[in-house]
Structure formats: structure tokens, C-alpha cells
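Heads up: the structure comes next, in C-alpha cells.
The values are calculated or read from the model by the stated rules, or taken from the named source; none is laboratory data. Just so it is clear, the model here is predicted, and its values are computed rather than measured. Neighbour counts run over all protein chains shown; Cβ positions are idealised from the backbone, glycine included. All accessible areas refer to the heavy atoms of the entire protein, side chains included, with ligands and DNA or RNA removed. Shrake-Rupley method; radii C 1.70, N 1.55, O 1.52, S 1.80 Å.
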Amino acid sequence: MNDVLRFLQQRNSAARLTTPAPGAAELQQIFTAAMRAPDHARLRPWRFLTIAGERRDALGALFREALLARNPGADDSALQKAANAPLRAPLLVAVVVCLREHPKVPYIEQQLSAGCAAHGLLLAAEALGYAGIWRTGDACFDRHVMTGLGLAANEELVGFVYLGSRECERKPLPAMRPDDFVSSW
């Protein structure tokens with residue numbers, strides 16, 4: 001079997017990440033790969049924000065604020081969990097979709113393109129020997145978080161890609177048969 005095909009068939013998210021994270025040169029390679037996402041009309045409807053070091057604490061504070069705004073009765077445990085969420089990896093990449101009016105490219109296609117870019121980040125990081133996981137959750141879809149990250153009114157978060165080194169063994173993946181998901185029409 002082709003090595004690339006085997007790699008794609010064995011890709012596996014890693015929820016527990018530690019240092020090191022990709023460095024500057026590796027990030028250039030990762031973003032170059034991500035930008036090869038399918039892109040109808042070459043709108044390039046994505047951009048990326050890297051969040052590392054102390055900025056992860058600032059993002060955690062933003063998550064906490066957003067949770068309090070959504071749920072003023074949130075308990076201390078939930079608030080602490082929100083604040084600590086960005087600390088689960090040494091590097092986060094916020095994947096942003098930049099929505100533009102276009103006669104042939106509806107918003108959903110632009111969102112899907114940005115989603116493909118997020119997947120490209122995960123694939124490229126793993127190809128370089130790192131690991132990652134794509135996370136969303138309520139904070140990802142919260143306008144307070146988007147504003148805090150500097151997103152414009154026409155921009156939304158697609159997700160946060162957490163990157164680093166795998167802290168534990170790969171989790172076993174259940175076998176899936178294409179026949180269970182594919183049929184002829």
C-alpha cells in the first residue's frame with residue numbers, strides 16, 4: 001500500500017498533548033499545506049491565528065468571560081474548566097472563515113473550505129511527527145470570543161486546532177468498512 005494512503009487511513013486525533021509544538025519553520029510547512037484546501041473561485045476564505053505561551057491564559061480568560069455571559073450561574077468548576085481549556089496543548093491555531101458575498105460561492109462552501117484547511121493543519125502536523133485535535137464547543141461559536149480574538153463581523157471560527165506532541169499512545173481506532181457508508185445511486 002502507498003505510504004501516503006496508509007498515513008491518511010491511520011490519522012488519529014490526540015486529546016492529550018505536550019511540548020514540543022511545531023516551531024516556526026514547521027508551522028510554515030503546516031500552513032502551506034493547509035492553504036491547499038479546495039477553494040472555489042480562489043476566495044481563500046480562511047485565515048489562522050496562532051495562540052501560544054501566555055496568550056493561552058488570555059484565551060482561557062476570554063473563554064471564562066464568554067461562559068459567564070452565556071450562563072451567569074456557571075459554577076466554579078465550569079469556569080475553571082473554561083479557563084484551563086487552552087492549556088491542554090502548547091499551541092492552538094484558531095481557524096477563521098472569512099465570509100464574502102460571491103455570486104457562485106455560497107457561505108457554506110466557504111465554511112467547508114476553511115474546514116478543509118483545518119483538516120490540512122492536522123494532516124500536515126502529523127506528517128511532521130506532531131499530533132493534534134480539532135476542538136469546537138460553545139466558546140468557538142460565541143461572538144464574544146470571536147470579537148475578543150479580533151474577528152471582523154463577516155468572520156467566524158471554524159474551530160481551534162490544538163497542536164503539540166502526543167502525550168500518550170495512539171488510541172485504537174475502530175475498524176470501519178467503506179461498504180457501511182457508501183452506496184450507489
Is the shape of region 100-147 rounded, prolate or oblate, going by the alpha carbon gyration tensor and its root eigenvalues a ≥ b ≥ c, with a/c under 1.5 for rounded and a/b larger than b/c for prolate?
oblate
Gap separating the Cα centres of region 106-167 and region 38-97, nearest whole Å:
10 Å
I'd like the carbon and sulfur percentage of the solvent accessible area for region 126-185, probe radius 1.4 Å, heavy atoms only, ligands and nucleic acids excluded.
56 percent
FRET efficiency, residue 98 to residue 58 (Cβ-Cβ, R0 30 Å, nearest 0.05):
0.85
Compute the semi-axes of the equivalent ellipsoid of the chain, taking the square root of 5 times each eigenvalue of the Cα gyration tensor, and list them largest first in whole Å.
27, 23, 17
Taking the mean number of other Cβ atoms within 10 Å as a proxy for protection, how do you rank 40-52, 81-93 from highest to lowest?
81-93, 40-52
Regression test value, accessible area per residue of the chain, probe 1.4 Å, units Å², expected 59 Å²
Of all accessible heavy-atom area on region 1-83, the percent that carbon and sulfur account for (1.4 Å):
51 percent
For the pair residue 79/residue 4, report the inter-label distance in nm, with labels modelled 7 Å from Cα in the Cβ direction.
5.1 nm
Could you rank the peptides 2-14, 127-139, 144-156 by their average count of other C-beta atoms within 10 Å per residue, with the highest value first?
127-139, 144-156, 2-14
A student applying the Cα gyration tensor rule (rounded when a/c is under 1.5; otherwise prolate if a/b is larger than b/c, oblate if not) would label region 120-185 oblate
